[in-house]
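Enquirer: This is the structure I have questions about; it appears just below.
Readers should treat all values here as calculations from the given coordinates under stated rules, not as data from a laboratory. The shown structure was predicted, so the numbers you read here are calculated from the model rather than taken from an experiment. With ideal geometry, Cβ positions are generated from the backbone for all residues, glycine too; neighbour counts draw on all protein chains shown.
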Amino acid sequence: MDFELPLFLFNKNAGEFYMKSDTAVPVKDMPKTDPRMKLIAAKLKKESFKPDALIEILHTAQNAYGYLPKEVLSYITKALHLPPSRVYSTVTFYHFFSLKSKGEHTCLVCTGTACYVKGAQAILNEIERGLGLKAGQVTADNKLGVQVARCIGACGLAPAVVLDDEVQAKVAPEEIVQKINAKIGTL
Ligand code: FES
């Protein structure tokens, strides 16, 4: 192997990228309880699993997660039957896509229509008031990053917030800072 990237290995002799085996998560093993995975699965189905829909599907994933987790990328790569090199070059070509979450822990506030109507902005305001962080920002010690998503596919739970991978349903603004502190410690 000539060199290594976060998700891929490059074989110089073959001139090809290979996805690392530990990131190759079978579709059946993806977390079924995460509404964001259902959202991506629905998008894949809507696009008839066409490889040409890669960018749209990556957009759906990026909007739902705030970045592209390796398991999700692996899932999409396999579902579209694409070579990892194509997915990797697409993800790295567009600035919109990110392979890393901002912060060791993430707080993703859904600002899709249902969540917005039910108070997503009040949640963001409370996070800013209580923790001094706006959407897109990360604490100086990189412990927590706050991001927004357009819809995480759990509209019935609005307003929804995802702390790390845990969906917080029907969160009241005054609860959110408390939940963040309880989960990751007082900042
Ligand atoms: S709008 Fe928030 S989960 Fe759909």
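Enquirer: Quick one: grab the alpha carbon gyration tensor of segment 93-187, order the square roots of its eigenvalues as a ≥ b ≥ c, and give me rounded if a/c is under 1.5, else prolate or oblate depending on whether a/b is larger than b/c.
Expert: Because a/c hits 1.5 or more and a/b fails to exceed b/c, segment 93-187 counts as oblate.
Enquirer: Here are some pairs, LYS45/LYS100; LYS50/LYS78; LYS134/LYS183; which of them have Cα atoms lying more than 23 Å apart in this structure?
Expert: Details: LYS45/LYS100 26 Å; LYS50/LYS78 12 Å; LYS134/LYS183 19 Å.
Exceeds cut-off: LYS45/LYS100.
Enquirer: Now for a different question. Using 0.36 nm times the number of residues separating LYS50 and ALA172, minus their current alpha carbon distance, what extension gain do you get?
Expert: Length difference between fully extended and current span is 39.9 nm.
Enquirer: When the Karplus curve 6.51 cos²θ - 1.76 cosθ + 1.60 is applied with θ = phi - 60°, which whole-Hz ³J(HN,Hα) does each residue of segment 112-128 get, with x for Gly and Pro?
Expert: Couplings: x, 3, 4, 6, 5, 4, 8, x, 4, 5, 5, 5, 4, 4, 5, 5, 5 Hz.
Enquirer: Out of ALA160, TYR65, ALA114, whose Cα points farthest toward the positive end of the dipole of segment 47-187 (charges: +1 Lys, Arg; -1 Asp, Glu; placed on Cβ)?
Expert: The one lying farthest along the dipole's positive direction is TYR65.
Enquirer: Which order results if CYS155, CYS115 are arranged by neighbouring Cβ count within 10 Å, fewest first? All intermediate terms of the calculation are to be shown ahead of the outcome.
Expert: On the way: CYS155 17, CYS115 26.
The most exposed by this proxy come first: CYS155, CYS115.
Enquirer: Fewest first, what order do LYS46, LYS102 take by the number of other Cβ atoms within 10 Å?
Expert: LYS46, LYS102
Enquirer: So which GluC sites (Glu not before Pro) in segment 63-168 pass both tests, a DSSP loop state and at most 15 other Cβ atoms within 10 Å of the Cβ?
Expert: Counting only loop positions with at most 15 other Cβ atoms within 10 Å, the GluC sites (Glu not before Pro) in segment 63-168 are GLU104.
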